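Written below as structure tokens is the structure these notes are about.
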Amino acid sequence: MREFRHDIAGDRVTVHVPETAEDLDRFREWLDRARERGPIAVDTETTGLDIYRPGYRLRTVQLGDAHDAWVLLYERGGEHAQHAREALQCCGHVLIHNANFDWLVLDEHAGTPLESLAPRTVDTRILATLIDPRQQSEGGIGTGLKPLSARWVDPTAPDTQAGLQSVFRAHGLTKETGWAGIPLMDPTFLLYAGLDVILTARLEPVLRREHSRLGIRPELVQYEHEIARICAVMQRRGLLVDQEYAEPLARRLAEEAERYRAMAARYGVTKVGSSAQVAEALAGMGETLTERTKSGALQTDKAVLLPLADLDRDWQRIGAREPNPLANAVLRAKRAKKWGEDYAQGFMSKLDAHGRIHPAIAPLAARTGRMSVTDGLHQLPSSDHVVRRAILAEPGHVKVSTDFVAVELRVLAALAHVRRMREAIAAGEDLHAFTARMVWGPDFTPRHRKVSKGISFGKVYGGGLDVIVRQTGAPEAEVRSALAAYDRVYPEIKRAASRWQRQAVANGMVYVSPVGRRLPLDRDRTYAVTNYACQSTARDVLGQALLNMEAAGLLEYMRLPIHDEILMSVPAEDAADVARETERCMTFPLFGVPIAAEAEVGGRSWGSLYGADY
DNA sequence: AACTTCACG
DNA sequence: ACGTACGTGAAGTTT
């Protein structure tokens, strides 16, 4: 038996590493006693984050309580792996920090189904996020084990992740190669592996006490664990990639990027990503740049370059000037590079053994509670179908996408009791058209509807005249009068915003959403409370839809949540029925305001919902 | 590490 | 008193 001692919060704790059969017997004895006393904390160390990449290994499984941790050498197989698997099956309730990751690791590599472990899990990251969802960079505590331990357990608790980086270097390894390459019996590796479960075990009771103090309801905690499990199931399933399509697409886009890069180089721009070079070269061609970035540099983003290339927002020729060839080349080189490398080639480089990608779904990522997804799957170009065409439904299936209808605006109508909005929604009206009619009268044009939509978003997001003018491209005078009219038509919005700000200030700068989610405000931008309330509640509307869909037996078809949309892969012959059923799951009242959804049944690829013919 | 850009809702 | 666009992930460049 290898044993390590360490002091945490004034207590001497022990990390045990069983090596012999007798050592493993002692682990069993400890486990039998410890599980009588309470939940067991669980953690894993693995070769990396890419759980589904061929060659991935589970290295250790750690179990522990507040005083003892046992690091099981899973990588050795045999008795070690056997004891880990049995312990996970029989240990009852478990505490895991950021459970999604360990659920999927243990499901894929230790024969412990997610369906078995998830219902027994308390995730300390969820507990902590419900107390303060902010990252340290946003002024919060942070949601990693290190900052939370420092705040709630012991300010001197070691940064086990950062601490290992230096051990990696000592072994001639890097951040990338360290997790797979560090010798299994490295003492720092084993100690830190053990300390993580001890810290998790100590975190849970403190966070529970804080929940009681703040009045965070157990129902909210339960709800978040259900959502996390559903998201983990979707991540485990992943998405099928059309390799015969994505591979040549990546090649074609790489050639295109290279062609335009060479064109830009002829004007002295050797790096199209260098804003300074682009600005200087454009100035040398007689163009005048006026827009500046926050730090004062000349701005050379898409909004600046498109007009110089005589292109509108949809990249169509305007015909107002001679296109600047450098602006055109920079725009096209950057787009082709991004689409090719981040998306097409990105998919190809992340395939599992079955040609699937598994973007990580973080169910509670943003400070508003919104989800986030890795590998660019939330950011695929929607103006064109070429990239989404690379994502396929299963063989014999079609893609079904169901969107909430104007969900953030409906949430606003519900939360702020916006009378005219509620009436319009109840009457089944198109909200943006309704607003346009209220502002411009019955003869409003489609352009007026578009401006109304822009103003609505501007309102919800807290934008002012300048930004809305820039975003909508509408004349300033028109936006100005529309904004004034908007406040007359929907006077409740401003009143609700100031009420929410007052409540937040009285509650330690924390707005509490209707589900009980705590949303800390930044002191100098309390106006953001309107957006936080809408974005956060819209996220919970999505969460409710996910629960409804699982209850309706649709989980096996669900693939990806995208804020106000749920993407599915459905057997072609059932698609129409499942689409109707999905709409029903996404339709329910929110404080008397109907939330509605519209399903679209596509073809085999995701791109088919964006105009592709397959 | 900070900044800038670009992709999305 | 007034007005403030919100939230992400990923990559490249510069410091």
Checklist line | Matching residues, the stretch A:98-123, being open to solvent by 30 Å² or more (accessible area, probe 1.4 Å) and in a loop (DSSP other than H, G, I, E, B) | finding: A:Asn98, A:Gly111, A:Pro113
Notebook entry, point to check: In the stretch A:522-544, is there at least one residue being assigned to a helix (DSSP H, G or I), away from DNA strand B (no atom under 16 Å from the Cβ), in contact with a helix residue (DSSP H, G or I) (Cβ under 9 Å, 6 or more places away or on another chain) and open to solvent by less than 10 Å² (accessible area, probe 1.4 Å)?
Noted result: no
Next item on the list: Sort out which residues of the stretch A:306-326 are within 16 Å of DNA strand C (Cβ to nearest atom) and either assigned to a loop (DSSP other than H, G, I, E, B) or over 19 Å from A:Arg261 (Cβ atoms) (or both), and write them in order of number.
Entry: A:Arg313
Item checked: Check on A:Thr582, crowded, with 23+ Cβ neighbours inside 10 Å, under 24 Å from the mean Cα position of the chain (by Cα), more than 16 Å from DNA strand C (Cβ to nearest atom) and farther than 18 Å from A:Gly238 by Cα -> yes
Item checked: Sole exception among (1) more than 23 Å from A:Asp564 (Cα to Cα); (2) touching a helix residue (DSSP H, G or I) at 6+ places or on another chain (Cβ under 8 Å); (3) open to solvent by 40 Å² or more (accessible area, probe 1.4 Å); (4) hydrophobic (A, V, I, L, M, F, W, C) for A:Val515, by number -> (1)
Next item on the list: Exactly one condition in (1) modelled with pLDDT of 90 or more; (2) part of a helix (DSSP H, G or I); (3) farther than 26 Å from A:Leu521 by Cα is not met by A:Glu408; state its number.
Entry: (3)
Check: Out of the stretch A:436-472, which residues are open to solvent by 20 Å² or more (accessible area, probe 1.4 Å), within 13 Å of DNA strand B (Cβ to nearest atom) and among the β-branched types (Val, Ile, Thr)?
Finding: A:Val467
Next item on the list: Give A:Ala329, A:Ala281, A:Ala303 a once-over and let me know the one that is within 32 Å of the chain's Cα centre (by Cα), within 16 Å of DNA strand C (Cβ to nearest atom) and small (Gly, Ala, Ser).
Entry: A:Ala303
Check: Quick check, is A:Ala362 open to solvent by 10 Å² or more (accessible area, probe 1.4 Å), among the small types (Gly, Ala, Ser), more than 12 Å from DNA strand B (Cβ to nearest atom) and over 26 Å from A:Ala283 (Cα atoms)?
Finding: yes
Checklist line | Whichever residue in the stretch A:290-311 is of a type in the set (Ser, Thr, Tyr) and within 11 Å of DNA strand B (Cβ to nearest atom) and, among such residues, is nearest to A:Ser383 (Cα to Cα) | finding: A:Thr300
Next item on the list: Determine which single condition A:Asp312 fails, assuming it passes every other condition in (1) closer than 30 Å to A:Leu240 by Cβ; (2) free of Cβ contacts under 8 Å to residues at least 12 places away in the same chain; (3) of a type in the set (D, E, K, R).
Entry: (1)
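Listed here are the residues, each with its yes/no results for (1) over 30 Å from A:Trp103 (Cα atoms); (2) surrounded by fewer than 14 Cβ atoms within 10 Å (Cβ to Cβ); (3) within 16 Å of DNA strand B (Cβ to nearest atom).
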site: A:Glu280; (1), (2), (3): yes, no, yes
site: A:Arg313; (1), (2), (3): yes, yes, yes
site: A:Arg317; (1), (2), (3): yes, yes, no
site: A:Asn324; (1), (2), (3): yes, no, yes
Notebook entry, point to check: Taking A:Leu415 and the conditions (1) away from DNA strand B (no atom under 16 Å from the Cβ); (2) surrounded by 17 or more Cβ atoms within 10 Å (Cβ to Cβ); (3) farther than 30 Å from A:Ser513 by Cβ, which numbered condition does it fall short on, given that it satisfies the others?
Noted result: (3)
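The rows are residues; the columns are (1) touching a residue at least 60 places away in the same chain (Cβ under 8 Å); (2) under 27 Å from the mean Cα position of the chain (by Cα); (3) open to solvent by 50 Å² or more (accessible area, probe 1.4 Å).
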{"site": "A:Gly238", "(1), (2), (3)": "yes, yes, no"}
{"site": "A:Gln243", "(1), (2), (3)": "yes, yes, yes"}
{"site": "A:Met263", "(1), (2), (3)": "yes, no, yes"}
{"site": "A:Gly273", "(1), (2), (3)": "yes, yes, yes"}
{"site": "A:Ala276", "(1), (2), (3)": "no, no, yes"}
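The values are calculated or read from the model by the stated rules, or taken from the named source; none is laboratory data. A quick note: this is a predicted structure, and the numbers were derived from the prediction, not measured. Positions of Cβ are backbone-derived with ideal geometry, glycine not excepted, and every protein chain shown enters the neighbour counts. In case anyone asks, the SASA skips ligands and DNA or RNA and just uses the protein heavy atoms, side chains included. Shrake-Rupley method; radii C 1.70, N 1.55, O 1.52, S 1.80 Å.
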